[in-house]
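Read through the structure below, which is laid out as structure tokens, and then see the notes.
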Amino acid sequence: MNYYLRLRTIITSLVAMVALIGTAVAQDELIVYTAIEADELAMFEQEFEADNPNIDLKWGARDSTGIITAKLLAEKDNPQADIVWGLAATSLVFLANEDYFEGYSPKGVEMLDPKYVDPTMDPPLWVGQRAWIASICYNTVEGEKNGVPQPSSWQDLTKPEYQGHVVMPNPNSSGTGFLDVSSWLQIWGEEDGWAFMDSLHENIAWYTHSGSKPCKQAAAGEITVGVSFAYRGAKLKNQGAPVEVIAPAEGVGWDLEAFGIVKGAKNMAAAQALADWSVTKKANEIYNREYAVVAMPGVAQEVENFPPMILEKMINNDFAWAAGNRQRILSEWQNRYGAKSEPKS
Amino acid sequence: MATASAIVTKYSRDDKFQGGILVLIALVVAVAVLLPLFTIFLKSVENRDGQFVGILNYVEYFQTPALVASIYNTIIIGVVTTVIVITLAFIYAYALTRSCMPYKNLFRSISLIPLLAPSLLPAIALIYMFGNQGYMKELMFGYEIRGPIGIVISLVFWIFPHVVILLSTALSTADGRLYEVAKVLRTKSIRTFFKITLPAAKYGVMSACFVAFLYAITDFGACKVIGGWFTVLSLDIYKQVVGQQNFQLGSVVSVILLLPVVVTFIAQRQVQRKQTAQITPGSVPYQPKPNRRFDLLMLLYCIAVSIILFAILGTAAYASFVKFWPYNLSLSLTNYQFNLMDGGSWQAYRNSVVMSLYTAFIGTAVIFCSAYFIEKTRRYRGLRSSLNFLSIVPLATPGMVLGLAYLFFFNDPLNPLNFIYKTMIILVLANIVHYYTVPHLTATTALKQLDVEFESVSASLKVPFYKTFWHVTLPICIPALSNIWIYLFVTAITTVSAVVFLYGHDTNIAAVAVVNMDDAGDVAPAAAMAMMIVYTAMGVRIVHWLLTHFIEKHTQKWRQQKLTSD
């Protein structure tokens, strides 16, 4: 009968192994969901862990804004994240309406510009970190080759010579895409805003999944004009890509990267530690390495190759309106342009 | 008489044990295959809150023109790809089997190269060749590579080796006597081709058509990278689930994708069954005779195809080293700094290697053992034949559908196995299940070649079956085991469809990283990661080949002796 015995030993050790792996997975660590671009993630992780050596920061999910928002929403009954960090404020307001966050006042939050902190609750449900701003990336080499002039306004992009030469992010997946759409609707009102997008749609070559891709494709000459955001454009220009970063005349949409602690977070103490760290001067200085507008006044230094006058062109963004109408705008957009089943000539 | 006595005798210890194992296998199949697939159907008739809504989701689906268009697109892509790849591969296989051209083995190996790459790789390469900054853009005559053209070319590249293998087999089993007769009757060679060659290979060609069609309609990678505005069903599943987190509509699309897949699959099984009866004991193997013009023509064709295959692979390799396409063509390793890229990391690459090794080792052991118990157990005929049937199911399950099924099934907080979600365990499990069928058939074939007498003799000598298994069955089956191992390793490291829904924050894998980096616009790093997969698969393949030769030389000598004594 010894092989029954042996079999039992094997099964017992298998069960033990499985249990062991199970506990290893459930280990205490800080799970962070973020939409921040990957090239910055390692740096943030390193800097935070240097100041908080006993916390193991894990990027639980990193994807485009729309994806992270949808993921958080889908996990509502069984949240996996401890803190949502570096996600569009519009999305955070939207999730806050779903009762997703635990109010918390990070130490030193009073040092931040109050317009970047949740105005509705005390302690705030979300706190802004820095702003990212819409811009157009224009490839000068391809522009000349294709006879596409440099645009100076959004309306320029609807002109016939731009047909098939413009790419923009799909607002359903990209936060940049959403702030573009939301800003056009805020600048011109619903009716004219949609009319603008109708004619822009005629010129769009394809919609991308991520907000930085249009600019990356413009930098690589795959397309002439990419609707993207200023930081990505400036960075690519600094790397030597033949792109101009343009802030259109009518005004530019923007959104805040912000954080909020998830209600019932498994590692509440660590989540609060990250919240405290995120409002420090040091953190704000790090934000400023890539972004021109940060939550703590007086910290920001100018970023090279950022479009001139872009701060003056930032629209008066109504977060509550944008969050409240987010679902409606997105499904309307999807109905109008998502069904792009014909190739553009 | 033996069976009669078997019925009379009581169930022995071995019988009971084997029965227990078979029940265990059935349980595992239920948990790993049937229940997850069933949840897909469940989800498709539920609303977001989990209430039963009947066909409401289907109604919503068919009222959305963009989604319905994908059904048509998918079928078109499938048909066009099949026609092109079968034509190209048929000539290639014809050259390999029916000509006397030189370097046949070399060309056979070259045709298998696409197997080492994920289907994302040809798509990325095509953008560098024919995209707006492509170096051969003029060849597109103004047409856009992003869309159906790019998808079809990528799929043809990727499916080519599979079809070459199938068609070579079909063409190599010809009855030489028919050709002798044709020659004696002075039949024209064209007529011989249509009257003898094609009819004989008919079922093989049909079977290859179905396989090509199946691969084309279920692929996700090529469409994701080069589809542009063009959508297909597998891409819709991804968009609904990952993009919108609309799991209900995702399941609806999965069920709709399953329909053509299942129909094609059944047709393929029917045809394959007929194929086996082609060769009769009186047949004489066909031997091609040298024909200078024809052999030269075939050689040129194979060279041309090989050049195209290498051009696609080479473009991806080159683009991965270029600093900033197209404005700075100097070479560097910047694109291999995966840690700085959106969605990629060296960790992902390491995870892929680990996952593929686990899949290969555990998969080989599990699949071979279960094939052994299904094949060599004397009793429980009904259970065994239903298990045999179930082992075919994964082949008819698209990777996207399996992945989604696992997401639903294992992510459910009520599932006691919930903890494996997003871990290495679920990735390995999904891969083993997804690629179960081919190794299972390989193992079964190898086991069938072993005489049943081994088991009967052991049983009568009261040797426990596991001793026979360890000392006789296993050593004889080493070649089959080794084939299974390499098949599982290469498919696991190149696949993206089944695992794209299942990876977690520290279990990201290379093929998924290719998708995500391309999504973020980091196309050159995506090419670099895809090339890392190719290098690894190629390296492991070569080491495997050397080892196999070494082992065969030292352990399988008896095979040669047997052959010579025959």
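For the pair A:Asn146 and A:Lys282, what calculated FRET efficiency results from E = 1/(1 + (r/R0)^6), where r is the Cβ-Cβ distance and R0 = 51 Å, to the nearest 0.05?
Here the calculated transfer efficiency is 0.65.
So what are the stretch B:64-327's ellipsoid semi-axes, whole angstrom, largest first, if each one is the square root of 5 times an eigenvalue of the alpha-carbon gyration tensor?
37, 25, 13
So, by mean Cβ neighbours within 10 angstrom, what's the order for A:143-153, B:402-412, A:52-62 with the highest one leading?
B:402-412, A:52-62, A:143-153
Under the definition of partner shielding as Cβ atoms of other protein chains within 10 Å of a residue Cβ, what is the mean value for peptide A:215-221?
5
Regarding the stretch A:153-260, what are the three Cα extents along the principal axes, ordered largest first, in Å?
43, 40, 25
Going by Cα centres, the stretch A:33-103 and the stretch B:473-487 are how many Å apart?
47 Å
Over the whole of B:124-135, what's the average partner chain Cβ count within 10 Å per residue? Rounded to a whole number, please.
2
Ranked highest first by the average count of other Cβ atoms within 10 Å around their residues, in what order do B:528-535, B:112-119 fall?
Top of the packing list down: B:528-535, B:112-119.
Can you compute the equivalent ellipsoid semi-axes for the protein assembly as shown, i.e. the square root of 5 times each eigenvalue of the Cα gyration tensor, sorted largest first and rounded to whole Å?
Each semi-axis is the square root of five times an eigenvalue, giving 52, 35, 24 Å.
Tell me what chain A gives for mean residue ellipticity at 222 nm when only DSSP H runs of n ≥ 4 count, each as -39,500 (n - 2.57), the sum divided by the residue total, rounded to 500 deg cm²/dmol.
After summing the helix terms and dividing by residue count, I get -13000 deg cm²/dmol.
If I stretch the segment between B:Gln270 and B:Lys10 completely, what's the gain in nm (0.36 nm per residue apart, minus their alpha carbon distance), one decimal?
Net length gain for the segment: 89.7 nm.
Modelled label-to-label distance, B:Val184 and B:Val23, 7 Å Cα→beta-carbon offset: nm?
6.3 nm
Once fully extended, how much extra length lies between B:His549 and B:Leu56, figured as 0.36 nm per residue of separation less the alpha-carbon to alpha-carbon distance?
Gain on extension, B:His549 to B:Leu56, equals 171.6 nm.
Two decimals, Cα atoms only, Kirkwood Rh: what is Rg/Rh over the stretch A:195-247?
With Rg and the Kirkwood Rh in hand, the quotient comes to 0.99.
I need the calculated FRET efficiency for the pair A:Leu73 and A:Asp318, taking r as the beta carbon distance and R₀ as 22 Å, to the nearest 0.05.
So the FRET efficiency works out to roughly 0.50.
Hey, can you grab everything whose amide H is under 5 Å from the amide H of A:Gly60? Only 5+ residues off in sequence or another chain; H modelled, so Pro and N-termini drop out.
Amide H to amide H, under 5 Å and 5 or more residues apart or across chains, A:Gly60 pairs with A:Val32, A:Tyr33.
For A:Lys216, which aspartates and glutamates qualify as cross-link partners when the Cα separation must be under 15 Å and same-chain residues fewer than eight apart are set aside?
Of all the aspartates and glutamates, those that pass the test against A:Lys216 - Cα under 15 Å, at least 8 places apart if same chain - are A:Glu37, A:Asp39, A:Glu142, A:Glu244, B:Asp342, B:Asp518, B:Asp519, B:Asp522.
Would you mind getting me the FRET efficiency between B:Ile75 and A:Ser153? Use the beta-carbon distance for r and R0 = 45 Å, nearest 0.05.
The computed FRET efficiency comes out at 0.55.
Exceeding 22 Å between C-alpha atoms, which entries from my cross-link table qualify? They are A:Lys115/A:Lys263; A:Lys237/B:Lys239; A:Lys76/B:Lys43; A:Lys71/A:Lys266; A:Lys107/A:Lys282; B:Lys195/B:Lys274.
A:Lys115/A:Lys263; A:Lys237/B:Lys239
Sorted from fewest to most neighbouring beta carbons within 10 Å, what does the list B:Thr39, A:Thr120 look like?
A:Thr120, B:Thr39
Under a straight-distance cross-link criterion of Cα-Cα below 18 Å, which aspartates and glutamates are reachable from B:Lys467, leaving out those fewer than 8 residues away in the same chain?
By straight Cα distance, B:Lys467 reaches B:Asp14, B:Asp15, B:Glu375, B:Asp451, B:Glu453, B:Glu455.
Could you list B:Phe141, B:Phe38 in order of exposure, starting from the residue whose Cβ has the fewest other Cβ atoms within 10 Å?
Final ranking by Cβ density, sparse to dense: B:Phe141, B:Phe38.
Give the distance, in whole Å, between the Cα centre of the stretch A:242-321 and the Cα centre of the stretch B:133-205.
58 Å
Based on alpha-carbon centroids, what's the gap between the stretch B:399-414 and the stretch B:84-100 in Å, whole number please?
40 Å
Determine the shape class of the stretch B:1-102: with a ≥ b ≥ c the square roots of the Cα gyration tensor eigenvalues, call it rounded for a/c under 1.5, and otherwise prolate if a/b is greater than b/c, oblate otherwise.
Oblate shape, in that a/c is at least 1.5 and b/c is the bigger or equal ratio.
In sequence order, what are the phi-derived ³J(HN,Hα) couplings for the stretch A:188-203 according to the Karplus relation 6.51 cos²θ - 1.76 cosθ + 1.60 with θ = phi - 60°, rounded to whole Hz, with x for glycine and proline?
The phi angles translate into 9, x, 4, 5, 5, x, 5, 4, 4, 5, 4, 6, 4, 3, 4, 9 Hz.
Cα to Cα, under 14 Å, and not fewer than 8 places away if on the same chain: which aspartates and glutamates meet these conditions relative to B:Lys137?
Result set, ordered by chain and number: A:Glu222.
For chain B, state the semi-axes of the equivalent ellipsoid (square roots of 5 times the eigenvalues of the alpha-carbon gyration tensor), sorted largest first and rounded to whole angstrom.
38, 34, 24
Tell me, what ³J(HN,Hα) does each residue in the stretch B:544-551 have, in order and in whole Hz, if you take phi through Karplus 6.51 cos²θ - 1.76 cosθ + 1.60 with θ = phi - 60° and put x for Gly and Pro?
4, 5, 5, 4, 4, 4, 4, 5
Roughly what would the spin-label model give for B:Ser456 and A:Glu302, points 7 Å off Cα along C-beta, in nm?
Each label point is offset 7 Å from its Cα along the Cβ direction, giving 9.4 nm.
For a footprinting-style exposure proxy, rank B:Asp236, B:Asp295 by other Cβ within 10 Å, fewest first.
B:Asp295, B:Asp236
Under unit Cβ charges (Lys, Arg +1; Asp, Glu -1), what dipole magnitude, rounded to 20 debye, does the stretch B:64-327 have relative to its Cα centre?
Charge dipole, the stretch B:64-327, about its Cα centre: 1020 debye, nearest 20.
Say each of A:Gln239 and B:Val262 gets a label point 7 Å from the Cα, pointing the same way as Cα to Cβ; how far apart are those two points in nm?
Result: 4.7 nm between the two label points.
Karplus couplings for the stretch B:26-41 from phi (6.51 cos²θ - 1.76 cosθ + 1.60, θ = phi - 60°), rounded to Hz, Gly and Pro as x?
4, 5, 4, 4, 4, 6, 8, 10, 5, 4, x, 5, 5, 5, 4, 4
Throw me the Rg/Rh for chain A, computed over C-alpha atoms with Kirkwood Rh, two decimals.
Here the Rg-to-Rh quotient is 1.06.
For A:Ile133, enumerate residues with amide H under 5 Å from its amide H, sequence gap 5+ or separate chain, H modeled in the peptide plane.
A:Ala230, A:Tyr231
Highest mean first, how do B:349-359, B:414-424 rank when packing is the count of other Cβ atoms within 10 Å averaged over residues?
For the peptides B:349-359, B:414-424, the packing ranking is B:349-359, B:414-424.
Taking the Cα centre of chain B as origin, work out the dipole magnitude from +1 charges on Lys and Arg Cβ and -1 charges on Asp and Glu Cβ, in debye rounded to 20.
2240 debye
Quick one: which residues, 5 or more positions from A:Gly86 or on another chain, have an amide H under 5 Å from its amide H? H modelled 1.01 Å from N in the peptide plane, none for Pro or chain starts.
Placed amide hydrogens put A:Ala258, A:Phe259 under 5 Å from A:Gly86.
Would you calculate, for chain B, the mean residue ellipticity at 222 nm contributed by helices, counting each DSSP H stretch of 4 or more residues as -39,500 (n - 2.57) and dividing by all residues, to the nearest 500?
The helix contribution divided over chain B gives -22000 deg cm²/dmol.
Every number in this text was worked out from the coordinates using simple rules, so none of it is lab data. Predicted model, so just to flag it, every value in this text is computed and none were measured. Methodologically, a virtual Cβ is constructed for each residue, glycine included, from the backbone with ideal geometry; neighbour enumeration extends over all protein chains shown.
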